[in-house]
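Novice: Have a look at this one before I ask anything.
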Amino acid sequence: MSDEAVLNTKPITPPAQSLYTPFNVIAGIILIVGFIITIRRFTGGLDAVTNLNDNYPWGIWIGFDLLAGVALAAGGFVTSAAVYIFGMKRYHSAVRPAILTGFLGYALVVIALHYDVGRPWRLPYPFIAQQGTTSILFEVAACVALYLTVLFIEFSPAAMEWLGLRRARNIVVKLTMLLTIFGVILSTLHQSSLGAMFLMAPSKLHPLWYSSYLPVYFFISSIIAGLSMVIFESSLSHRYFAHKMDEAHLNEKEGIAFGFAKAAALVLFGYFAIKVVGIAMDNNWHYLTTSYGTWFLVEMLGFVALPCFLYAVGAREKNLNLIKWTSALTVFGIVLNRLNICLIAYNYHLPADEKYVPHWMEIAISLFIVTLGVVAFRFIVTRMPILYAHPDYQDEH
Amino acid sequence: MSVSRRKFLGWLGAAGAGVISGGTAKAASNKHFKGYPDSMGVLHDTTLCVGCRSCEAACNKVNALPAPKQDFTDTTVLERKRRTDSSAFTVVNRFKQSESDKQPVFVKKQCNHCLEPACASVCFVGAFKKSPEGAVTYDESVCVGCRYCMIACPFEIPAYEYDKALTPRVVKCTMCHPRVLEGKLPGCVEECPTEALLFGERNKLIKAARKRIARFPERYVDHIYGENEMGGTSWLYLSARSYEQIGMREDLGVTPAPKFTEGILSAVPIVAGLWPVLLTGIYAVSKRKDKVAQEEQSQAVAEAVTQAESQAEVKLKKALVLAKKEKEMAVKKEARKALEKAAKAQKAAEKKAQEEATEK
């Protein structure tokens, strides 16, 4: 086994192979275009690359990159809590990939924010210049900054094993419990706070989406997003990096998918239920017959109820393929929910021609940032012990 | 279960860090801002406004804003509904009940200077402040440009300088705060030719507005807009038509904006305090469960082994007894056989001896 693992640390593509693989070419084009738009953004201002306006100060860089990005990066805290706190050791091999995905996710969120805010060099101002502690955004900023640090520390043992820093690595590993608990606290706070930000706009967010439960919705749906992203990311990893995986990863793969699918089905069911409670509490039933109501039902039935059912069927019938596709559907549903709240159902009172439609360069930057993440993920899993246990630390788990 | 000192200290650390991270937000949310009773405001009587746009021109002048695309005397801009933007702190809109409406209503729009402003509540660097004089002021020097104020403002007032690469600012009416401090009137109020704008102490303005409504009940709707909207605003309005008809939302409610997030902010210490304890407990329980399961398993194994052993012993004993018996029986059998054989041989010998004897 250890011999295999040593072999596995070789780069994914043998040096002889051409650099012009389809992945490299597409990623390269996106990165170059993104780089050019980046220059435009920071020399011409937001107007030069976005369709943002005074009615829509937040576009897809907030709706997708921040809101959806943070939710989809929840896999780290969900998985590490399941394994280290709830003692589900059979999912241990899912922890490192989930932590890595989470860490990259949060890092990219912070990068994306640099594009969106007017003066990004002032991003530390809430902590060093003047504290606006009545703001939910202050809580979000503090928690995201701290949690990014936590994720970095949680991820660092993999890098230290790779670099051979045994002593430092052993110290950090001892912090696992502390970091996991701290991570859950921070995640609870900022995942819910992202929803709570919109509590401020009851007159602008459509009543079907506005609810005093918004923080709870955001937190619960982040768990769904986290579980689904672990399944989604692991199915992609098994497709492209199977040769990097050790026996434990290959053996636990199916168990993780079935277990997480079952959990996701349960949480989706609960999420659906509290969404219905929210509608009932504010007595918003009559909105369901409007066009926004139709759209709300599409989200609720097509991207909450349907994945809930499909996950349950997949877990029951041990259908790996179904679970895989359901995870993609669920992830898409979470993204849709965040876009609905931030953009589509926001300013519902404005006429259709005043609605915001993202500029293609905004989409290109979002694509650029996602591509950065994929490239970084590939760079790391082909080098560091993420999908296999490092031979020197084999017995510690 | 055994908890090492290091682990215990670790948990304490997690709890402590959680409490620290939550403490600040709560402390602030306890501060209840009631507004300043003697603060100034402006009463905008829309029944007196003729839509001349002199207020817009004055505002542009006193705030040194960029020159407009169309001159301020050009009333064709009233054809479409406008909002405040980065080059206009205030705009006048015209509202007609029908295309042929001979008596349109003109409404001036600008920051209403809420008593408890949403923008100030959501700003994570505290760039907005409600001054004792009444103005909601903005401090450009700390603004990060997150634009949450624009999301939160129920009146859709703050605008942003999207075209500036390095120094974009949030832009909104200042109620001419510097001029008011100097004892002057706000630019728009000073220029208004019809006294549609009245500057004064907010409390007195409310009384004056009530008097107007009482004196001309057929002229005004019985509602001072801004008296209670969003907890009250420094700008107040009088109208002949329902406010909905003149582009002002009547569904905003009377709750001051900071109240919307007060509840969730007070949940922070609950989460930060409860989670570490709860999670540590769950961890301990799951650890204990594992240990108990392991103990039970090893106990069961041991039991099974002893049981198997004793069973084997019994079996062995039985087998031994059986073997002994069998052996005895075999011996007996052999002995019997040998005896029989011997007897036979004896008989045969006797017979032979007898025969020999008779032959003789």
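The values are calculated or read from the model by the stated rules, or taken from the named source; none is laboratory data. Treat the numbers as computed from the prediction; the structure is a model and nothing was measured. Every residue, glycine among them, receives a Cβ derived from its backbone with ideal geometry; neighbour counts consider all protein chains shown. In case anyone asks, the SASA skips ligands and DNA or RNA and just uses the protein heavy atoms, side chains included. Shrake-Rupley method; radii C 1.70, N 1.55, O 1.52, S 1.80 Å.
Novice: Mind ranking A:Asp65, B:Asp290 by accessible surface for me, highest first, 1.4 Å probe?
Specialist: On the way: A:Asp65 15, B:Asp290 65 Å².
Most to least solvent-accessible, the answer reads B:Asp290, A:Asp65.
Novice: May I pose another question? Mind grabbing the interface size between A and B? I mean buried accessible area, both sides, 1.4 Å probe, in Å² to the nearest hundred.
Specialist: Roughly 5600 Å² of accessible surface disappears when A and B pair.
Novice: Provide the descending list of Cα extents for segment B:211-360 along its principal axes, expressed in whole angstroms.
Specialist: Largest first, segment B:211-360 extends 178, 31, 20 Å along its Cα principal axes.
Novice: Can you give me the angle between helix A:320-339 and the longest principal axis of chain A, using Cα atoms only, in degrees from 0 to 90, rounded to the nearest 10?
Specialist: The two axes meet at around 40 degrees.
Novice: Ignore the peptide's own chain and count Cβ atoms of other chains within 10 Å of each Cβ in A:187-198; give me the average, rounded.
Specialist: Working: counts 1, 7, 10, 0, 0, 4, 6, 0, 1, 6, 6, 4.
Mean shielding by partner chains, rounded to a whole number: 4.
Novice: Report D for segment A:56-387 in µm² per second (integer): Stokes-Einstein, Kirkwood Rh on Cα pairs, 20 °C, 1.002 mPa s.
Specialist: 104
Novice: Normalized C-alpha radius of gyration of segment A:146-218, against 2.2 N^0.38 Å?
Specialist: After normalising by residue count via 2.2 N^0.38 Å, the value is 1.63.
Novice: Moving to a separate point now. So who's got an amide H within less than 5 Å of the one on B:Cys114, skipping anything under 5 residues away but keeping other chains? H placed 1.01 Å off N, in plane.
Specialist: Under 5 Å from the amide H of B:Cys114: B:Ser234.
Novice: For the protein assembly as shown, with every protein chain kept in place, what is the accessible area per residue (1.4 Å probe, Å²)?
Specialist: 48
Novice: Also: Sort A:Val144, B:Val277 by heavy-atom solvent-accessible area, probe 1.4 angstrom, most to least. Can you show the working numbers first?
Specialist: Values: A:Val144 15, B:Val277 100 Å².
Putting A:Val144, B:Val277 in descending order of accessible area: B:Val277, A:Val144.
Novice: On a 1.4 Å probe surface of the protein chains, which of A:Thr38, A:Thr180, A:Thr149 comes out largest in accessible area, and what is the full order? Before the final figure, lay out each step's value.
Specialist: Values: A:Thr38 25, A:Thr180 0, A:Thr149 70 Å².
The most accessible residue leads, giving A:Thr149, A:Thr38, A:Thr180.
Novice: Order the peptides B:307-314, A:294-301 from the highest to the lowest mean number of other Cβ atoms within 10 Å of their residues.
Specialist: Answer by packing, highest mean first, reads A:294-301, B:307-314.
Novice: Report the Cα-based extents of the protein assembly as shown along its three principal axes, largest first, to the nearest Å.
Specialist: 182, 65, 53
Novice: In peptide B:162-174, how many Cβ atoms from other protein chains are near each Cβ within 10 Å, on average? Don't skip to the end; give the middle numbers.
Specialist: On the way: counts 12, 5, 6, 11, 6, 3, 6, 2, 2, 1, 0, 0, 0.
Other-chain Cβ atoms within 10 Å of each residue's Cβ, averaged: 4.
Novice: Compute the signed sum of charges (Lys and Arg +1, Asp and Glu -1) over the other residues within less than 12 Å, Cβ to Cβ, of B:Lys204.
Specialist: Summing Lys/Arg as +1 and Asp/Glu as -1 gives +2.
Novice: Tell me, what ³J(HN,Hα) does each residue in segment B:156-162 have, in order and in whole Hz, if you take phi through Karplus 6.51 cos²θ - 1.76 cosθ + 1.60 with θ = phi - 60° and put x for Gly and Pro?
Specialist: So the Karplus estimates, Gly and Pro as x, are 6, 9, x, 10, 10, 8, 5 Hz.
Novice: What is the spread of the Cα atoms of segment B:120-232 along each of their three principal axes, largest first, in whole Å?
Specialist: 53, 29, 26
Novice: Given that compact globular proteins tend to follow 2.2 N^0.38 Å, what is the ratio of the alpha-carbon Rg of segment A:159-283 to that value?
Specialist: That works out to 1.41 for segment A:159-283.
Novice: Considering every residue in B:121-134, what mean count of other chain Cβ atoms within 10 Å of its Cβ is obtained? Please list the in-between numbers first.
Specialist: Values: counts 5, 9, 7, 16, 13, 10, 4, 1, 0, 0, 0, 0, 0, 0.
Mean shielding count: 5.
Novice: Could I ask something else about it? Of the accessible area of the protein assembly as shown, with the probe set at 1.4 angstrom, what percent is carbon plus sulfur? All intermediate terms of the calculation are to be shown ahead of the outcome.
Specialist: Details: 22970 of 36640 Å².
That fraction is 63 percent.
Novice: Hand me the GluC sites (Glu not before Pro) from segment B:231-306 located in a DSSP loop with no more than 15 other Cβ atoms within 10 Å, in residue order please.
Specialist: B:Glu250
Novice: Give me the residues in segment A:134-169 whose solvent-accessible area, probe 1.4 Å, is reduced by at least 20 Å² once all protein chains are included instead of the chain isolated.
Specialist: Going by heavy-atom accessible area, the residues of segment A:134-169 that drop by at least 20 Å² are A:Thr134, A:Ser135, A:Ile136, A:Leu137, A:Phe138, A:Glu139.
Novice: Contour minus end-to-end for B:Thr75 and B:Gln97, with contour as 0.36 nm per residue of separation and end-to-end as the Cα-Cα distance?
Specialist: 6.1 nm
Novice: Given the options B:Ala304, B:Ala349, B:Ala67, which has the most mean-square fluctuation in a GNM of chain B, springs set between C-alpha atoms less than 10 angstrom apart?
Specialist: B:Ala349
Novice: Hey, rough spin-label estimate for B:Thr358 and A:Phe86, points 7 angstrom out along Cα→Cβ, what's it come to in nanometres?
Specialist: 10.6
Novice: If you plug each phi of segment B:69-80 into the Karplus form 6.51 cos²θ - 1.76 cosθ + 1.60 with θ = phi - 60°, what whole-Hz ³J(HN,Hα) values come out, in order, with x for Gly and Pro?
Specialist: Karplus-based 3J(HN,Hα) across segment B:69-80 equals 5, 10, 4, 5, 7, 7, 8, 5, 5, 6, 4, 10 Hz.
Novice: Tell me, what does the Kirkwood hydrodynamic radius of chain B come to in angstroms if you use every pair of distinct C-alpha atoms?
Specialist: On the way: mean 1/r = 0.0355 Å⁻¹.
With all distinct Cα pairs of chain B included, I get 28.2 Å.
Novice: Angle check, please: helix A:22-44 long axis (alpha carbons) against the longest principal axis of chain A (alpha carbons), in degrees 0 to 90, nearest 10.
Specialist: 50
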